[in-house]
1. Just the residues that are part of a loop (DSSP other than H, G, I, E, B) and either crowded, with 22+ Cβ neighbours inside 10 Å or of a type in the set (A, V, I, L, M) (or both), please, taken from region 108-119.
2. With respect to A183, is the statement that it is assigned to a strand (DSSP E or B) and either within 23 Å of A321 (Cα to Cα) or among the hydrophobic types (A, V, I, L, M, F, W, C) (or both) true?
3. Can you tell me which residues in region 24-37 are at positive phi and surrounded by fewer than 18 Cβ atoms within 10 Å (Cβ to Cβ)?
4. Looking at this structure, is T180 polar (S, T, N, Q) and farther than 25 Å from H274 by Cβ?
5. A76 is checked against (1) farther than 20 Å from A313 by Cβ; (2) in contact (Cβ under 8 Å) with a residue 40 or more places away in the chain and fails just one. What number does that condition carry?
6. Select from region 74-98 the residues that are in contact with a Cys (Cβ under 9 Å, 6 or more places away or on another chain) and open to solvent by 10 Å² or more (accessible area, probe 1.4 Å) and write down the one among them that is nearest to G37 (Cα to Cα).
7. With T131, T157, T170 as the choices, which residue is surrounded by 24 or more Cβ atoms within 10 Å (Cβ to Cβ), over 16 Å from L117 (Cα atoms) and touching a residue at least 40 places away in the same chain (Cβ under 8 Å)?
8. In region 173-215, how many are of a type in the set (S, T, N, Q) and free of Cβ contacts under 8 Å to residues at least 24 places away in the same chain?
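The values are calculated or read from the model by the stated rules, or taken from the named source; none is laboratory data. All figures in this text were calculated on a predicted structure; none of them were measured in a lab. Cβ atoms come from the backbone with ideal geometry, glycine included; neighbour counts cover every protein chain shown. Each accessible area value is taken on the protein alone, full model and side chains, heavy atoms only, with ligands, DNA and RNA left out. Shrake-Rupley method; radii C 1.70, N 1.55, O 1.52, S 1.80 Å.
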Amino acid sequence: MTADALTDVAGLRVGHATRRGDGWLTGTTVVLAPEGGAVAAVDVRGGGPGTKETDALDPRNVVQRIDAVVLTGGSAYGLDAASGVMAWLEEHGRGVPVGPDPAHVVPVVPAACVFDLGRGGNFRARPDAATGRAAVEAAAAAAPGAPVPEGCVGAGTGAVVGRLKGGVGTASTVLDSGITVAALVVANAAGAATDPDTGALYGELLRGRVEYPQERVHEAARRRLDETAAANTPPPLNTTLAVVATDAGLSKAQAQKLAGTTHDGIARAVRPVHLLHDGDTVFALATGTRPLDTHPLALNDILAAGADLVTRAIVRAVRAAEPADGPGGTWPSYEELYGGS
């Protein structure tokens with residue numbers, strides 16, 4: 001039995017650190033790689049990204065494996081959460097060896113942030129190194145294959161998608177080849193996740209016939225969203241972040257291709273995307289426990305699955321989100337508006 005989560009890729013663990021109340025509405029999510037690390041790549045499509053250590057993932061560069069990925073709130077300030085993760089990894093002797101002493105390591109911890117500043121009411125309430133440490137400790141303490149909490153947790157705590165509350169979502173699948181592919185997203189976009197004419201989630205339209213919300217329910221939802229949008233100043237900003245992972249043995253170049261095609265999954269679920277002030281970023285991880293060369297067409301299957309899973313994970317993030325109403329703004333949830341239709 002699987003968790004239908006990123007943790008279905010054996011060896012990966014996920015931990016959240018969540019801060020709410022007293023001006024806080026933010027957090028950090030850490031994807032912890034197995035000991036020895038994972039092959040990794042990144043593809044950034046948004047025009048306003050906030051990232052750390054992404055240059056190390058270029059296939060032309062020396063780093064081959066990463067130890068953890070940090071997704072965090074707090075905009076560029078929140079990238080400090082990665083420092084707490086690096087400190088924890090150093091204490092556990094995990095990282096690139098750089099000297100004769102086994103303790104002399106440099107952990108490789110790429111990170112990306114979403115904009116949620118001030119959504120809890122306090123502009124200065126943002127993740128820091130302690131938040132990152134709490135998230136990586138939660139990941140390390142999680143059982144192998146454990147379910148991943150979704151909705152308004154970790155980096156998705158203060159997330160907003162269009163006029164609706166966003167959050168964290170995850171999904172996985174096992175291909176006919178036996179290879180596992182999974183994704184985790186932080187859905188926090190200026191674009192919308194819903195069709196303005198019907199209220200249906202864009203990401204669910206790809207699954208064929210859907211049950212559209214009743215017209216009266218949709219009209220009531222639109223009025224509510226107009227009211228809350230008028231009260232929220234400024235309007236929400238970027239970003240959607242994703243980690244797509246597989247147990248296949250990918251090279252860095254193949255992982256980079258996976259990160260790139262996975263952006264299609266964001267475009268199916270959020271409209272518009274990849275704008276000038278978005279920071280849309282996808283990380284791809286490969287643990288390499290299943291050889292790819294025994295399945296000649298498996299890479300194409302992995303590429304297609306990565307995009308599909310990100311779409312599904314965004315839908316799950318929006319459906320799992322809880323409404324937020326506080327000094328930083330008011331954002332209804334999709335289930336609050338449409339769940340009973």
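1. V108, V109, P110, V114, F115, D116, L117, R119
2. The answer is yes for A183.
3. G36
4. yes
5. Checking A76 against (1) farther than 20 Å from A313 by Cβ; (2) in contact (Cβ under 8 Å) with a residue 40 or more places away in the chain, the one that fails is (2).
6. Out of the qualifying residues, it is L79.
7. T170
8. 1
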